[in-house]
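Written below as structure tokens is the structure these notes are about.
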Amino acid sequence: MSALAAVLMLVLCTAGLGVPREVKVPGGPLYRVEGTSVSIPCNVSGYEGPSVQNFEWFVYRPGAPDISIAIASTKDPDFSYAVFSPRVSSGDISIHRVSGDSVELRIQRLRSEDAGIYECYTPTTDARYFGSYSDKITMKVIPDTLQVSSVGFSRGRLSSPPPLQLHLVEGRELHLSCQALTASPLHTHLSVTFGMSEPGTPVGRETLQDIISVQWDFSVKLASYTDRYLKEEIRVEKSDNSTYKMVIARLRPQDTATYHCTTAQWIQDPDGGWQKITEKRAVLAQVFVQTIDSLLTVSSSPRELRLQTGDMMEMFCNVSMLIPPTPDVLFSVEWRVLSATDSPGQRVSSMAADGSVQLGEQYMGEDVGVRHISLEKISPSPGSYRLRIYSAQPSDTGSYSCQVTAIVSYPRGRQEEVSKRTSLSLRVLMKPQDITVSASVLLDSFPIYHGDTAVLLCNITLDVSLPSLRSAVSWWVELAGEEPHERSGRLLASVSRQGVSETGSRVSGGELTTDKVGAERYRLRLYNIQAEDEGSYHCAVTAWMQYPDHSWYNAASSKSNSIKLYTYARARDLLLIPMIVGFASALVVGVTILSTVTCCYIRHLRSQKR
């Protein structure tokens, strides 16, 4: 028989026998750490017989490489040698069945003497002995050299040894450092994970919440707080070969916790995958975050101010904290006043966190001018804020309070309000300056005929004469033809306190002017008066007082009596009416006579033709 024929015959015979039994364990060697657990998988394929196969495990120790020591069996509970029997009975060593043809040898706590060559054997269930029935793997047990310890930092300063307790204010920066190193001669990598657990809970994997970690491949993994990490509020750093640091840029109340550092040692198995071979944990610190709201106190002073008009008002908003805030905590202050006429209160002045100051709307404008009001910080943070109102006015009477908002500044310019406190009110009492003003209106001439110019005079009386007192006058009319609900008055013209005249429009479309003709006398002229202009006319006066800061105050106002304006027709207009009526009557009579005569003449002609 030729060689080729022999090979073909062997292949045919082999094909007829089917796939041979094969037992497989991972490639070795495996390096595992003393005191840790290990699982060695084993599976069988190509077998005949039942789907549930039995497995037996043996070990060959380095001191006796030719002697197999029985460890455990899935079939015989008394299979173990005396050296392993107690550990099998206690569960420290066991065989875990994954499936009918796959198991794992599990050792919960490795010992140094557990190093050796491990053999997984499967008793045959095949019709004939064909294939491999066992496989071996070498496992080396190395000493545990991994060390992890806390290096507590708060704002970069070395803290006391654990158990470390830190009482920090919301908004502060927290630094927690962990030292992880190993003296293993093998090529291993370390991973470091920072985590937290609720205060008072027992330390364990079940209660530990991972925050951020540096993986064995030096990548950063986020377990929680992803949003804060993306906002650069949390970061992890490696400061040297063995020290890792977690930084929380701005503490929040929910950051109250016990912080841990978990370090794991990783080794690359022969299959190329990285396996965690040991893990240790250390408590870094117990952190208690006090809220700014619980530490913030706001008060105002003095309790009461009694002033004369024109005096300077000065009041203070005092902001304090039991623990000094960090520069990342900012404050904004707003002074508000509650008077008898505005129940919700109005803003007087406010200072934003960046120091910019803004006045309330009622303290600036065309009527009052721009009042001289200042708000400034006069002591270090959180500090005292002084409000000054120069040249107080009677309208400044009321209850004043300051509202303080605490703001935490985060990276990228983001800010978040964390507390808002309002002081008790302080009262401002002021003796008003008694000023009385009155006005009366009269017609310059009477009667007024259609087409005439109507002249109305407004006389003002002030009970005091002050150089800082100015008057403003406005003219109003209630037209005779208007509905009752429209008789609130129509503004015709005005003269401001600066003497500037402004005119509106008349219903008749005629022109009008207004001016000041005397010390306290104002004039309104209506040109080409018409019947549509008939109505009740009055003037209104406002006495404005100017203060040293050049602001203005509405000291008094009054409305004059009303005067009714009628227009009369002229004599020539009255004579024209009968002439028009007479002409119209004569025209009608003439047309009637002419038509009658014409009609009779035509009839006469017709009768003659017949």
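The values are calculated or read from the model by the stated rules, or taken from the named source; none is laboratory data. Since the structure is predicted, the reported quantities are computational estimates derived from the model, not experimental observations. Glycine gets a Cβ as well: all are built from the backbone with ideal geometry, and neighbour counts include every protein chain shown. These accessible areas exclude ligands, DNA and RNA; they are computed on the full protein's heavy atoms, side chains included. Shrake-Rupley method; radii C 1.70, N 1.55, O 1.52, S 1.80 Å.
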### Message
Which of the numbered conditions does K75 fail, given that it passes all the others? Conditions: (1) modelled with pLDDT of 95 or more; (2) closer than 27 Å to A127 by Cβ.
### Response
(1)
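Looking for whichever is under 23 Å from the mean Cα position of the chain (by Cα), surrounded by 15 or more Cβ atoms within 10 Å (Cβ to Cβ) and either over 16 Å from I292 (Cα atoms) or of a type in the set (S, T, N, Q) (or both) here; the options are S401, S350. Which one fits? Spell out how you get there, then give the answer.
Numbers: S401 fails: under 23 Å from the mean Cα position of the chain (by Cα).
When all the criteria are applied, what remains is S350.
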### Message
Suppose the filter is without any contact (Cβ under 8 Å) to a residue 24 or more places away in the chain and assigned to a loop (DSSP other than H, G, I, E, B); does E206 pass it?
### Response
yes
### Message
Residues that are touching a residue at least 60 places away in the same chain (Cβ under 8 Å), at least 2 per element: which strands (runs of 3 or more DSSP E) completely within the range 360-442 meet that?
### Response
384-389, 398-409, 415-422, 426-431
### Query
How about the range 184-203: which of its residues are open to solvent by 80 Å² or more (accessible area, probe 1.4 Å) and either touching a residue at least 24 places away in the same chain (Cβ under 8 Å) or more than 39 Å from the chain's Cα centre (by Cα) (or both)?
P185, H187, E198, V203
### Task
Working only within the range 218-242, note down all residues that are more than 27 Å from S409 (Cβ to Cβ) and either of a type in the set (F, W, Y) or surrounded by 16 or more Cβ atoms within 10 Å (Cβ to Cβ) (or both).
F218, S242
### Query
Just one of the numbered conditions (1) under 25 Å from the mean Cα position of the chain (by Cα); (2) open to solvent by 70 Å² or more (accessible area, probe 1.4 Å) is not true of V289; which one?
(2)
### Summary
Going through (1) touching a residue at least 12 places away in the same chain (Cβ under 8 Å); (2) over 55 Å from the mean Cα position of the chain (by Cα); (3) closer than 30 Å to H372 by Cβ one by one, D515 fails only at (3)
### Query
Does the range 277-284 contain any residue that is open to solvent by less than 50 Å² (accessible area, probe 1.4 Å) and in contact with an Asp or Glu (Cβ under 8 Å, 6 or more places away or on another chain)?
yes
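Residues to consider are A64, A15, A82; find the one that is in a helix (DSSP H, G or I) and modelled with pLDDT under 95. I'd like the intermediate steps shown before the answer.
Details: A64 fails: in a helix (DSSP H, G or I); A82 fails: in a helix (DSSP H, G or I).
After ruling out the rest, the residue left standing is A15.
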### Query
Out of all the residues in the range 87-105, which are over 15 Å from N43 (Cβ atoms) and surrounded by 13 or more Cβ atoms within 10 Å (Cβ to Cβ)?
R87, V88, D92, I93, S94
### Query
Only one of (1) open to solvent by 60 Å² or more (accessible area, probe 1.4 Å); (2) touching a residue at least 12 places away in the same chain (Cβ under 8 Å); (3) assigned to a strand (DSSP E or B) is not met by V319, so which one is it?
(1)
### Given (1) over 30 Å from T262 (Cβ atoms); (2) open to solvent by 50 Å² or more (accessible area, probe 1.4 Å); (3) β-branched (V, I, T), number of the condition V59 does not satisfy
(2)
